Amino acid sequence: MAKSNVSTKLLRGLYSVGRSDSSVRIVISFILSVPSFQDPLDMEDQLSEEEISIRDTARDFCREYLAPRVLELTEQRLDKSVLPAMGSVGLLGPTIQGYGCAGVNYVSYGLIAREIERHHRLGLPFNRFGAVFPVMHPINTFGTEAQKQKYLPALAKGELIGCFGLTEPNHGSDPAGMDTTAEETSGGFDIFIIWARCKWDGKVRGFILEKGLRGLSALKISNKLALRASTTGSIFMDNVKVSLDALMPGAIGLGAAFSCLNSARYGISWGVMGALESCLVQAQQYALERHQFKRPLASFQLVQKKLADAHTEIALGLQASLRVGRLKDAGRAVPEMISIVKRNNCGKALHHARVLLDILGGNAAADEYHIGRHAGNLQVTNTYEGTFDIHTLILGKAITGVQAFS
């Protein structure tokens, strides 16, 4: 088992004393059993060699390529090199088999999401990485072979940028009430959005639209307070005409759309823990280096409690996501399980990021300390892909059998 640097130093000190009495042996035995600060429940031991290798590849890429671009991307400048770089190491659509994708398991997908968010600090996985899943998953699951061959390889390489359109201005948590419709015409469909209710049978279906279609536009939303590395836009459609080839034949009903969201929600449960891990490391380092009243902040009980609370929730949250990942890989996961980890991990990550932010005092507003950026992003993750309250009601229905919303 990996030992922390502190444990190693302590061991060296004990050996240098040269004592062999039982008290020293007891202390040495205790130190050897102390887990690493960043892996308190020894999750490393629960991962396969392949999963560790995939995680390390993602970690190295994030450290070398993404982390140095943090402040640049804060200005919301679209760096078109990011997606191709991610694609070159197999980080896009990683669970898909074939079509140029890595074909890894769901645990590996979660580990990738965790590393990207831990190191990038700007909400990247929930845009460049996380949004890939709601785009590539429906094409792979519900699309025709021709659609898969046409879109998936280019998306996996980062040559195409995809987006997912379900939420409407008047229908956020209630997608069943969507106003967008698709109408059958001679030669194709009139559609307003990717997911639309079809007039001929009242069912929701998924469509693939390509940039450049007449009547289709997407305006960038600027001056955001969070997810500033993300390019967020409003999709406008006015009598857009597409051929039958745009329809994904298997994407019928809201269940199809929710299946895309469930896989993305699972990845988010890992990503937010990665974000909180970054906050904890920043806060710990700051508390050790910053002195007030002639002593480090880390020596104060209130500060240690803040660190310990976050540390505990990270360990428990990762274990929960790991378990759900194993169940997904075994084909045994159900949506309520994903609601548990999405709700819990997003809510806990947001709360403890805000608590850790207090350790920085006035420096919380400085961009060299990244906890504030994480806290802003985590506010968004607690809201999208099903709000904290919506997942509460999903679980409430599972517990009682009574639906609290129509």
Quiz item: For the stretch 189-283, list the strands (runs of 3 or more DSSP E) that sit wholly inside it and hold at least 1 residues that are among the hydroxyl-bearing types (Ser, Thr, Tyr) and closer than 25 Å to LEU152 by Cα; which are they?
Solution: 216-220, 233-237
Quiz item: Do the conditions hold for LYS224, that is, is it at negative phi, in contact (Cβ under 8 Å) with a residue 60 or more places away in the chain and touching a Ser or Thr at 6+ places or on another chain (Cβ under 9 Å)?
Solution: yes
Quiz item: For the stretch 340-349, which residues satisfy the criterion of being surrounded by fewer than 24 Cβ atoms within 10 Å (Cβ to Cβ) and over 14 Å from ARG323 (Cβ atoms)?
Solution: ARG343, GLY347, LYS348
Quiz item: Can we say VAL204 is more than 23 Å from THR387 (Cα to Cα), modelled with pLDDT of 85 or more and crowded, with 18+ Cβ neighbours inside 10 Å?
Solution: no
Quiz item: In the stretch 383-406, which residues are open to solvent by less than 40 Å² (accessible area, probe 1.4 Å) and without any contact (Cβ under 8 Å) to a residue 60 or more places away in the chain?
Solution: HIS391, LEU395, GLY396
Exercise. Only one of these is hydroxyl-bearing (Ser, Thr, Tyr), within 30 Å of ASP39 (Cβ to Cβ) and surrounded by 13 or more Cβ atoms within 10 Å (Cβ to Cβ): SER217, SER278, SER259. Name it.
Key: SER278
Quiz item: Any idea which of (1) under 26 Å from ALA229 (Cα atoms); (2) modelled with pLDDT of 95 or more; (3) not in a helix (DSSP H, G or I) is the one ASP367 doesn't satisfy?
Solution: (2)
Quiz item: If you take just the helices (runs of 4 or more DSSP H) that sit entirely in the stretch 1-104, which of them hold at least 2 residues that are modelled with pLDDT under 55 and either closer than 29 Å to ILE139 by Cα or open to solvent by less than 80 Å² (accessible area, probe 1.4 Å) (or both)?
Solution: 5-17, 22-33
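One line per residue, one yes/no per condition, for (1) more than 17 Å from ILE338 (Cβ to Cβ); (2) at pLDDT below 90:
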site: VAL107; (1), (2): no, no
site: GLU115; (1), (2): yes, no
site: ARG128; (1), (2): yes, yes
site: PHE133; (1), (2): no, yes
site: HIS137; (1), (2): no, yes
site: THR144; (1), (2): yes, no
Practice problem: Kindly indicate whether LEU316 is assigned to a helix (DSSP H, G or I), at pLDDT 95 or above and open to solvent by 50 Å² or more (accessible area, probe 1.4 Å). | Solution: yes
Self-check item: Selected residue [in contact with a Phe, Trp or Tyr (Cβ under 9 Å, 6 or more places away or on another chain), modelled with pLDDT of 95 or more and open to solvent by 40 Å² or more (accessible area, probe 1.4 Å)] from ASP329, ASP358, ASP309
Solution: ASP329
Quiz item: Is there a residue being farther than 30 Å from PHE300 by Cβ, over 20 Å from the mean Cα position of the chain (by Cα), in a helix (DSSP H, G or I) and not β-branched (Val, Ile, Thr) anywhere in the stretch 374-392?
Solution: no
Exercise. Consider only pairs whose beta carbons are under 8 Å apart and that are at least six residues apart or on different chains; among these, list those whose first residue lies in the stretch 319-342 and is in a helix (DSSP H, G or I) and whose second residue is open to solvent by 70 Å² or more (accessible area, probe 1.4 Å).
Key: GLN319/LEU41; ALA320/ILE340; LEU322/GLN46; VAL324/ILE340; PRO335/PHE258
Practice problem: Confirm whether PHE236 is more than 30 Å from ASP367 (Cα to Cα), surrounded by fewer than 20 Cβ atoms within 10 Å (Cβ to Cβ) and not small (Gly, Ala, Ser). | Solution: yes
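The values are calculated or read from the model by the stated rules, or taken from the named source; none is laboratory data. As the structure is a computational prediction, the values presented were derived from the model and not from experiment. Neighbour counts are summed over all protein chains in view; Cβ atoms, including those assigned to glycine, are modelled from backbone coordinates with ideal geometry. Surface areas here come from the heavy atoms of the whole protein model, side chains and all, with no ligands, DNA or RNA. Shrake-Rupley method; radii C 1.70, N 1.55, O 1.52, S 1.80 Å.
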